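First up is the structure itself, then whatever we jot down about it.
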Amino acid sequence: MHSLPTLMVAPNGARLTKADHPALPVTIQETVAATLAARDAGADGLHAHVRDASGAHVLDAGLYSELLAELARQAPGFYVQITTEAVGRYSPAQQRELIETLVPPAVSIGLREIDAESDQNRTRRFFAFCADAKIHVQHILYDMDDVHRLAARRADGTLPPGPLAAILVMGRYTEGQVSDVTAIAPFVAGLHAVEPDVDWSLCAFGQTETACLVEAARLGGKMRVGFENNRVNLNETIAVDNADRVRDLRAALAKGT
């Protein structure tokens, strides 16, 4: 049975560039190197985005296949999750096509994005395909509306029976974003009210990322850390790289701060 890693690294995301931080990985080789360094620092999974030659976010089966193959060679057994994040560029059909072509071991899917498909039967068949192929699906939930959507899609059979995994997203890509630590407990309580046994993790935008992830761990959740969401350590210094963010979080967890 699949379960989420305790501490997944998200080294690049879809929007940032090396202008935001020179150590942000863009190429396959850079992403592999960042993953290995984060693993050595204490991460046990990767949330992966790939970029095209211009550095733009793409849902490209060939690039993802190359990344998965290289990580399988250099880090056999390491949990690798790709994403279907649309970033305003990709339709539900294109998101489904990526997964049906690649059949990755794990994927994160924005439930509100894939649920925008006008034909609910297509979405139902897609999630049935993922279940049959034993693809570990993590549903991206941005707010309580998404939590209620998750419950509704479970109730109407769009999401098949069996274990559910989700990631709760605190904050957004906005200037000066600081995620609110106090908002985590109500979000988690709302999720558990409709899906008591969900396997959940949390990510948080901005320099309160470390504090938010420590709170997630306190509440029994798992964590996703990295430059996709934040590049500032707990002491308000800029992290050297993604491995530095992992070490910073590990240190905060050990101290309980």
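What follows is calculated from the coordinates using simple rules that are stated; it is not laboratory data. Computed from a prediction, not measured in an experiment: that's the story for all the values here. Positions of Cβ are backbone-derived with ideal geometry, glycine not excepted, and every protein chain shown enters the neighbour counts.
Excluding same-chain neighbours fewer than eight residues apart, the aspartates and glutamates reachable from LYS134 by a Cα-Cα span under 18 Å are GLU97, GLU100, ASP199.
Of THR210, THR83, THR17, the residue with the greatest mean-square motion in the GNM of the chain, using alpha carbon springs below 10 Å, is THR17. For a straight C-alpha distance cut-off of 23 angstrom, the lysines reachable from LYS255 (same-chain residues fewer than eight places away being disregarded) are LYS222.
Per residue, the average separation of C-alpha pairs within less than 8 Å and at least 6 apart gives the range 1-139 a relative contact order of 20 percent.
A straight line joining the Cα centroids of the range 9-84 and the range 157-172 runs 22 Å.
With a/c under 1.5 counting as rounded, go ahead and sort the range 7-255 into rounded, prolate or oblate using the C-alpha gyration tensor (a ≥ b ≥ c being the square roots of the eigenvalues; past the cut-off, prolate if a/b is larger than b/c, else oblate). It comes out oblate by the Cα gyration axes.
Here the dipole of the range 7-255 is about 280 debye; that uses its Cα centre as origin and unit charges on the Cβ of Lys and Arg (positive) and Asp and Glu (negative).
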